[in-house]
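Colleague: Please read through the structure below; I'll follow up with questions.
Quick note: the coordinates plus some simple rules give every number you see, no bench work behind them. Keep in mind it's a predicted model, so treat the numbers as computed, not measured. Cβ placement follows ideal geometry from the backbone for every residue including glycine, while neighbour counts extend to all protein chains displayed.
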Amino acid sequence: MLDHGARVLPSWGGLLAQRLQAVLARLRGGPTALRLLQAGLAQSTAGTYSSHWAKFQQYCEASQVESLPASTATVLAYVGWLADEGHVKASSLQQYLSAINRVHRDFGEEAPALGHHVAVQRQGMGALQIDLEDNHDVRVYLPSEVADRIVRRGLSPAARAHEVRRCAAVAFAFITLQRVSTSAQVEDRDIGVDDSHLWFRVRFEKGRDRRTRDVADSRMRVVRMPLSAPGVARVAALLARWRSLRGEVPPSAACFAFPGERPPTEAAVGTWLSTQLQKMQESAPPGFAYSFHSLRKGGATGAYSVGAPRRRRG
C-alpha cells in the first residue's frame, strides 16, 4: 500500500519508471527506453488523467487498500465516495474511471474499472443524480462537539503520527474559519502561539493575486484566537504534538505535510475528515454528508452560536 504519511505518493510516471528501471537499466538502450516512456507519459498524463489518478491514490491510502493493482470492489467503493462528496456528475464519471484503467494498463495490470457492475453502478448514479442534488447537502455543518472529539482523539497517547496529522489539519481548518484550500496549505512559519493567543497569518486567499504571496509578513492579515477558550487551547496543544512528531521543516514548508511531501489539497483534508469520522463511527444525518465544506461552515456556526463578532468569523 502507498504510505502517504511516510513519503510523497509517487506520480504515475515515477511509479512506472521505478518498476521498469531495474530491468531496463541493464539492457542496451534501456536508459533511452525509460526516457521515451516518461516523455510519452508526460504527454498522456497531462491534465485530468493525472489529477484523477492522484485523487484515487489519496482515496485508497486513506481507506487502507491497494491502488495498484486495485480491485473492482475498490473502484465501486470509490465511485460511492465520489457520489457522497457530491462534486462528480455521472456524465463526467468516465474520466475518473479511464484514469484508473489507463494507469493499470501502463503497468501491465488488468483494468479494474470495467465490467458489468461498474456499468450498472454508473447507470444507477445517473438515475439517482437528481435525488442526490435535491437531498444531499455536502455543505451540512460539522457540529462543534464532533470537531472537539477529533481534537481529543489526536491528543490521545494512542494516536500515531498519521492520525495526529489528520486530526490537526481538520481541527485547524475548523477553528480558523478559512477556506480549506487556505488552511490545508498554510506554511509552518504562519502558525504560532504566544502567551495568550494561537495565531496564524493568511498568506493565500481566494481571489488574491498570487504575485503578492511573498509580500512582507507584517502586511499580511493575522488571525488571533484566545487560548483562554478551552477549544483553542486544545487545538494549540494538538498542533504542538503534530509538529513534534513531524520534526523540523523549513519555515516555508507546508505545516501539515511530512518532510519532503507536497502541500496537502483540500480534497486530502476532506479524505482525512472522512477517515476520522469512520474511526469514530460518526456520520451525518440521513440524506446528508460531511465534506471539507463542513469544516468552515461548522466553525462559523459554532462562532455564531457563542456570539463571536462577524469580522472575526470571515
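Colleague: Tell me, in nm to one decimal, what length is gained between residue 23 and residue 199 on full extension, where the rule is 0.36 nm per residue of separation less the Cα-Cα distance?
Modeller: Computed gain between residue 23 and residue 199 is 58.2 nm.
Colleague: Take the alpha carbon gyration tensor of the range 246-288, find the square roots of its eigenvalues, order them as a ≥ b ≥ c, and report rounded if a/c is under 1.5; if not, report prolate when a/b exceeds b/c, else oblate.
Modeller: Taking the square roots of the gyration eigenvalues as a ≥ b ≥ c, the range 246-288 is prolate.
Colleague: Please sort 156-163, 76-83 by packing, taking for each peptide the average over its residues of neighbouring beta carbons within 10 angstrom, highest first.
Modeller: Order by mean packing, descending: 76-83, 156-163.
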